[in-house]
Each structure stands twice: as structure tokens, then as C-alpha cells.
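Since the structure comes first, as C-alpha cells, the remarks are kept for the end.
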Amino acid sequence: MTGLFSLAGRTAMVTGASRGLGRAIALGLAQAGASLILAARDGAKLEETAGEIRDAGGQARTIAFDLADLDAVQAATGKLNAEGPAIDILVNNGAIGGWGPLHDSTLGQWETMFDVNVSSMYLLCRDLSKGMAERKWGRIVNFASYVSDTGRPNLSAYVASKHAVLGLTRSIAADLAPHGVTCNAIAPGFFDTDMAAPTVGHPERAKIFRSAIALDRFGDPKEMVGPVQFLASDASAYITGHMLPVDGGVANILSLPVVVET
């Protein structure tokens with residue numbers, strides 16, 4: 001691939017790359033020419049993704065660590081900074097969800113949610129953007145959510161963590177702008193992934209959630225590749241601090257049944 005969207009000569013790190021959106025993103029960025037560093041807890045699954053990239057003629061290596069273990073996150077960034085390769089593109093896709101009434105939630109659940117969804121992202125951005133700033137080029141793509149600027153019941157910790165992701169993204173964008181590094185967020189809606197299986201795979205729930213989607217369907221993970229590639233490439237050079245919804249119209253279009261008068 002050539003032109004504005006080409007990632008040839010770039011190295012991209014994708015967290016949560018063992019499955020779902022992360023796996024699709026990693027495969028897509030490799031097709032665009034990037035060399036990949038794949039991160040997740042499950043080393044065996046990471047190797048499967050890496051194998052697909054290599055079989056297609058791309059380059060990929062893996063590094064297994066748990067985003068909930070902040071010491072492990074810092075050990076990973078230290079290893080990457082010391083041994084290379086230099087990371088040009090960071091895609092912070094890895095995250096967890098969690099559902100439950102406010103009064104049944106615990107502080108431990110809250111802390112785990114923030115460790116995985118926010119604190120690990122902060123550490124990865126902080127540590128891996130230093131080289132980007134020195135080289136005067138870099139792209140950071142953080143995964144927020146369609147709830148990053150709204151609220152939903154029974155999701156207090158998750159919603160709060162995704163609000164934090166948006167704030168972190170915009171602050172980092174301001175910090176790194178003088179150094180030629182952009183930082184943007186993607187706000188996904190409902191995608192057909194393992195994480196969404198309790199919804200997507202349940203006929204009644206799926207019908208309810210689809211009714212809120214203007215396009216009336218769940219997203220295919222492959223449909224996340226284009227938006228991430230755009231924000232990771234020279235095509236988005238003048239965009240930073242932005243949150244891009246990729247949600248079939250959930251966040252910005254009120255989908256109500258059409259009433260036909262007779």
C-alpha cells in the first residue's frame with residue numbers, strides 16, 4: 001500500500017490483540033505495511049495472531065502481560081524501550097467491561113476497572129510516547145466508548161473509566177502536540193466479538209440493542225480497521241484530541257420506530 005494511508009516502515013503496538021477488535025486491527029495494520037507488536041494476557045492466542053500476520057508476509061512479535069498488573073505493564077514498556085524496536089503507533093484497545101447495580105458494586109471492582117481501562121493506558125502512553133516525541137512522529141489511538149460522554153445505568157465503573165479515557169486522550173494530545181505526536185480516541189459501539197457475546201448471542205437482548213443502532217446491525221470487527229488505520233497514518237496528520245465514533249449511529253442518532261399514520 002502506498003500513499004497517505006500506508007504504514008510501511010512503521011512499527012505498531014496493539015493491546016488486546018489476541019482476539020476480537022484487537023486481532024482484527026492487528027491484521028489490518030499489518031496489511032497496510034506496519035510491523036506489529038502484539039500484546040495481551042494470552043500468549044498462545046497472541047502467537048496465533050502473529051502466525052497469521054507472518055503467513056501473509058508481514059512481521060510480528062508478541063509480548064504477553066496483564067493490563068491489570070501495573071508492575072507488569074511497566075516492565076513491558078521498560079523492555080520495549082530498552083530492546084526495541086521503536087514504536088511509532090500505539091493502539092490501546094485492551095479493556096474489560098462489567099455490569100451490575102451501583103449498590104452491589106465493590107471498591108475492588110472499581111479499582112480493577114480503572115487499572116485495566118485507564119491506568120495501564122496512562123503508563124503505556126507515558127512510557128512509549130517518549131521515543132515518538134524524540135523522533136517527532138507518532139500516533140496514539142486510545143479506545144474509549146460510545147458511553148464516554150454520556151451515562152448508562154448499571155455500568156458506573158465502566159462508564160467512569162471510559163470518560164477518563166477521553167479526558168486522558170485529550171490531555172495527552174495537548175502534551176504531545178508540540179512534538180509531532182497525535183493522540184486520538186475511537187468510541188466503538190456494539191461489535192460482534194467475544195466480549196459482546198452475552199448481548200450479541202442472546203436473541204432477545206440482541207434485538208433490543210440493535211433497535212438503538214441506526215444501521216440496525218452489530219459491527220464486524222473488520223470494520224474497525226479503516227478508522228484505526230486512518231488515525232494511525234499520515235492521513236490524519238492534522239487531527240488530534242478527537243474522539244471518532246465507530247458505532248453504526250448509536251451515539252449521535254436517536255433511533256426510534258417509524259410510525260406510519262393510516
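Miscellaneous remarks
- Lone unmet requirement of (1) more than 29 Å from V181 (Cα to Cα); (2) surrounded by fewer than 22 Cβ atoms within 10 Å (Cβ to Cβ); (3) at pLDDT 95 or above for S105: (3)
- Pairs meeting the criteria (first residue in region 81-93 and among the small types (G, A, S), second residue surrounded by fewer than 24 Cβ atoms within 10 Å (Cβ to Cβ) and at pLDDT 95 or above, beta carbons under 6 Å, at least 6 apart or on different chains) are A86/G131.
- Filtering region 136-148 to residues that are surrounded by 13 or more Cβ atoms within 10 Å (Cβ to Cβ) and within 13 Å of T182 (Cα to Cα) leaves W137, G138, R139, I140, V141, N142.
- Subset of region 145-165 [under 22 Å from D104 (Cα atoms), part of a loop (DSSP other than H, G, I, E, B) and not basic (K, R)]: V147, T150, G151, P153, N154, L155
- Residue in region 73-91 that is buried (at least 16 other Cβ atoms within 10 Å of the Cβ) and touching a Pro at 6+ places or on another chain (Cβ under 9 Å) present: no
- Selection within region 183-199 - aliphatic (A, V, I, L, M) and either modelled with pLDDT of 95 or more or buried (at least 19 other Cβ atoms within 10 Å of the Cβ) (or both): A185, I186, A187, A196
- Qualifying residue in region 40-62 (condition: within 21 Å of R135 (Cβ to Cβ), out of contact with any Cys (no Cβ under 9 Å at 6 or more places or on another chain) and of a type in the set (V, I, T)): no
- In region 200-227, the residues that are under 25 Å from V14 (Cβ atoms) and touching a helix residue (DSSP H, G or I) at 6+ places or on another chain (Cβ under 6 Å): V200, F218, P221, K222, M224, V225
- Here the helices (runs of 4 or more DSSP H) wholly within region 166-262 that include at least 1 residues being of a type in the set (D, E, K, R) are 203-210.
- Every test in (1) surrounded by 18 or more Cβ atoms within 10 Å (Cβ to Cβ); (2) among the charged types (D, E, K, R); (3) touching an Asp or Glu at 6+ places or on another chain (Cβ under 7 Å) is passed by R41 save one, and that test is (1).
- Boolean, T193 is of a type in the set (V, I, T) and in contact (Cβ under 8 Å) with a residue 24 or more places away in the chain: yes
- Total residues in region 158-173 satisfying the condition of being under 21 Å from D234 (Cβ atoms) and either surrounded by fewer than 20 Cβ atoms within 10 Å (Cβ to Cβ) or touching a helix residue (DSSP H, G or I) at 6+ places or on another chain (Cβ under 8 Å) (or both): the figure is 1.
- Evaluation of A8 against (1) among the hydrophobic types (A, V, I, L, M, F, W, C); (2) touching a helix residue (DSSP H, G or I) at 6+ places or on another chain (Cβ under 8 Å); (3) surrounded by fewer than 24 Cβ atoms within 10 Å (Cβ to Cβ) (one fails), failing number: (2)
- The residues of region 133-147 that are under 19 Å from the mean Cα position of the chain (by Cα) and at pLDDT 95 or above, listed by number, are G138, R139, I140, V141, N142, F143, A144, S145.
- Among all residues of region 149-156, there is none that is of a type in the set (A, V, I, L, M, F, W, C) and either surrounded by fewer than 17 Cβ atoms within 10 Å (Cβ to Cβ) or over 24 Å from L21 (Cβ atoms) (or both).
- The condition of being farther than 30 Å from P198 by Cα, of a type in the set (D, E, K, R) and over 18 Å from the mean Cα position of the chain (by Cα) does not hold for D104.
The values are calculated or read from the model by the stated rules, or taken from the named source; none is laboratory data. Since the structure is predicted, the reported quantities are computational estimates derived from the model, not experimental observations. Cβ coordinates were reconstructed from backbone atoms using ideal geometry, including for glycine residues, and neighbour counts include every protein chain displayed.
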